[in-house]
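A short write-up of the structure that comes next.
Rule-based calculations on the coordinates, nothing more; no lab input. From a predicted model like this one, the values you see are computed outputs, not experimental measurements. For neighbour counting, all protein chains shown are included, and Cβ atoms are generated from backbone atoms with ideal geometry for every residue, glycine included.
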Amino acid sequence: MELLIRVSDGLDRVITKIGKIAAWAGLALILVTIFDVITRRFFVLGSTKLQEAEWHLHTILFVFCLGYAYLKDAHVRIDLVRENLKERTQWWLEILGCLFFLLPFCGLVIWFGIDFVERAYSTNEISASATGLTHRWLIKSTIPLGFTLLALAGIATLLRKVVELFGPEDLRRKVHEIEEAEVEHLDEIVPTVLRDQDSPPRNGETR
Amino acid sequence: MAFDLVYYLPLFMFAALGILLFSGYPVAFVLGGVGLTFGFIGMMLDAFSFIQFFSLQSRIWGGIAESLVLTAIPMFIFMGTMLERSGVASDLLHCLQVLLRRVPGGLALSVTIMGTVMAATTGIIGASVVMMTLLALPEMIKRNYNIPLATGTIASSGTLGILIPPSIMLVIMAELLARSVGNLFVAAIIPGFLLAGFYMLYILILCSWKPKLAPPLPEDEGPSTAGGIAAMVLRSFIPPLFLVFLVLGSILFGWATPTEAAGVGGAGAIFLAILKRRLSFSVLKDVVERSALTGGMLFGIFLGATCFSYVFRVLGGDFLVTDLIEHMGLGPWGLLLVIMGLVFFLGFFFDWIEITLIVLPVFAPIVAGLDFGDHVPQREVVYWFAILLAVNLQTSFLTPPFGFALFYMKGVAPPEVRIQQIYKGIIPFVLLQLVGLGLVMAFPDLALWLPRVLLN
């Protein structure tokens, strides 16, 4: 059981780290877009490369954050029934969901995704536009990679639920605390600094 | 005639999805898993072959990854998150509150205006209602506002976001319907502001008639000199308003594509945070990571829905739906009402993301072919339908007893707020919504006139 926790924590750390790094692609995306808009208006540069870079960044951003979002429990759930169930039942449902929905779905996308990348690699596929980006297989390979991370996130969750269901009491509590620390609760969406202050900094007052 | 299992398989697929979603497992993966499972069932019945799953890859690639339209979404999410976390939103609320302190129901009106402005920047009902509730409800309760009035105002203003552009839902609808995002944005402007206007009018009339529902703020709230007020307006009110108009304007006047406008919005939000001296590395990191999580969630559902609707289509789902509808023998109006009713019902349980991604691809081809005669020109039917859908969804999120937004609100409201009060407070707003929906249905020009004038 100890081992299961260590494995799931290790997976969690890797996935979260990659997710947090990939998240910065969002900022890069904004900067590239702005650069594109400005240069096109004033210097009339050919911007096919920039525009392709934009959706490259968008793809990197969402595909590497799928598993990260699962670990942080950011994926939407329909909670009407679930929240009235016993905790043990909820854990069982999570295990079944991982086994029958998440992992097979990831498996499918990875299986054909690798095929897809191989075709792009062997034909040396480049952008359809003459001035676009080359090495299409690189960006195409982010899809199977991202889904691999998602599958690993599924496995990490699965292991944790197994410990919670069958492990000794102290380990259960430990896993529960790890999970609680990860998930963000609804009322933390607005940072406390902005709430409950009588009023935001007034104007006319020098700061 | 023997029961044709293969023919009805898509129907079972829908039913299975409906039931399994209530397991509480993330929607994204239930969609993907059900699609996959029915693909395998289809293989057993010789209606599907394994290699057809390969097309899923090209759909993910071509439809989601290599899409410049969808690239706008992470940037709009970033813009909304940045405005919220850098305190621009709460400053705006405070400023409005001071400006409207002498007007009956001033605080409620401030919430509506803030909803209208900020609406433009958030895309997800849950998140925007939660944000508005946390920012405004404690304040309204402290000022002895009538609780049903306060909760009704917040829930209805907080859900305006899906309708008022730049809304993420409209971007996704445009992508699914293969129409222009700009057109859809412009079409949503008048209906969106119409609803906001209805809310404000209602609040104003109600609070003049029964002033004790909404006690006025003390006179000494905020700066008292004209100069102080002007400075506050300049700092808190003008910048976010300017940003939203910049984003909308650049699309309206054809300076930028919606995707580029989203980039402008994102950069503008960073700039505002710098201006307010609220931008630190930790705020930026927080915003970046939060936006990434929201984006991961949204595109997760997108990926799952792609799998689901692909298998649904291969199994003959489109054909089955068209068949069933033809058997009902409904005219265009009957059909429109049936679809609206269905969407309204789904809105009790699901957020717009699931509904739009599952229902729209099935019905869009049918609706596009409907002929409303002189009521709506044929080529504009799709835009009209999209706007009706948007208003309809917003209404269903607010309708007790299941309204999606109301549960989110209850989740973060102070404990003294009871769900009955929330239900009671929302009823007048739901009625206003229905009037709005009826108006757009009866007068399609409310949605179609502005794009015709501005974009053609």
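Take the convex hull of the alpha carbons in the protein assembly as shown; its mean projected area over all directions comes to 31.9 nm².
Only DSSP H runs of four or more residues enter the estimate; each adds -39500 (n - 2.57), and after division by the residues of chain B the mean residue ellipticity at 222 nm equals -24000 deg cm²/dmol.
Label separation (B:Ser58 vs B:Lys210): 6.2 nm, computed from points 7 Å beyond Cα along the C-beta direction. Segment B:Glu326..B:Phe271, full-extension length gain: 14.4 nm, with 0.36 nm per residue of separation and the alpha-carbon distance subtracted.
Against the main long axis of the alpha-carbon atoms of chain B, helix B:27-44 sits at an angle near 0°. Among the residues of B:106-113, the average count of other protein chain beta-carbon atoms within 10 Å of the residue beta-carbon is 0. Taking the inverse of the mean reciprocal distance over all distinct Cα pairs, the Kirkwood hydrodynamic radius of chain B comes to 23.1 Å. Using the Cα centre of the protein assembly as shown as origin and beta-carbon charges of +1 (Lys, Arg) and -1 (Asp, Glu), tell me which of B:Leu437, B:Val338, B:Leu176 is placed farthest towards the positive end of the dipole. Of the options given, the answer is B:Leu437. Projecting the Cα atoms of B:Val247, B:Thr81, B:Ile205 onto the charge dipole of segment B:72-297 (Cβ charges, centred on the Cα centre) puts B:Ile205 farthest toward the positive pole. Diffusion coefficient of segment B:72-297 by Stokes-Einstein, Kirkwood radius over Cα pairs, 37 °C, 0.692 mPa s: 183 µm²/s.
Label positions at A:Ile178 and A:Thr131, each projected 7 Å from the Cα along the C-beta direction, are separated by 5.2 nm. Here the Karplus relation 6.51 cos²θ - 1.76 cosθ + 1.60, evaluated at θ = phi - 60°, turns the backbone of segment B:401-407 into coupling constants of x, 9, x, 4, 5, 5, 5 Hz, with x for every Gly and Pro. Calculate the FRET efficiency for A:Leu85 and A:Phe43 from the Cβ-Cβ distance with a Förster distance of 45 Å, rounded to the nearest 0.05. With R0 = 45 Å, the Cβ-Cβ based efficiency is 0.15. Between the beta carbons of B:Asp4 and B:Leu337, assuming R0 = 25 Å, the FRET efficiency works out to 0.30 to the nearest 0.05. In whole angstrom, segment B:189-310 maps to an equivalent ellipsoid with semi-axes of 35, 24, 18, each derived as √(5λ) from the alpha carbon gyration tensor and ordered largest first. Rounded to the nearest 20, the size of the Cβ-charge dipole of segment B:246-388 about its Cα centre is 840 debye, with Lys and Arg at +1 and Asp and Glu at -1.
Computed from the Cβ-Cβ distance with R0 of 41 Å, the FRET efficiency linking A:Val14 to B:Leu434 stands at 0.20. Rounded to the nearest 20 debye, the dipole magnitude of the protein assembly as shown is 1240 debye, with +1 charges on Lys and Arg beta carbons, -1 on Asp and Glu beta carbons, and the Cα centre as origin. Placing unit charges on the Cβ atoms of the charged side chains and taking the dipole of the protein assembly as shown about its Cα centre, the candidate lying farthest along the positive direction among A:Tyr121, A:Thr142, B:Ser291 is B:Ser291.
Taking the Cα of B:Ser49, stepping 7 Å toward and past its beta carbon, and measuring to each backbone N in segment B:1-42: which are under 19 Å? Answer for this model: B:38-42. The C-alpha atoms of chain B define a longest principal axis, and helix B:419-442 lies at about 70 degrees to it. Note on chain A: Cα convex hull, mean projected area over all directions, 18.5 nm². Averaged over peptide B:277-289, the number of partner chain Cβ atoms lying within 10 Å of each residue's Cβ comes to 3. The mean number of partner chain beta-carbon atoms within 10 angstrom of a residue's beta-carbon across peptide B:225-237 is 2. Placing +1 on each Lys and Arg Cβ and -1 on each Asp and Glu Cβ, with no other charges, gives chain A a dipole about its Cα centre of roughly 660 debye. Give me the Kirkwood hydrodynamic radius of segment B:289-354 in Å, from all C-alpha pairs, to one decimal place? Kirkwood radius, segment B:289-354: 14.3 Å. Ranking of B:Met200, B:Met173, B:Met441 by neighbouring Cβ atoms within 10 Å, starting from the fewest: B:Met200, B:Met441, B:Met173. Sorting the segments B:411-422, A:66-77 by their residues' average number of neighbouring beta-carbon atoms within 10 angstrom, most packed first, yields A:66-77, B:411-422.
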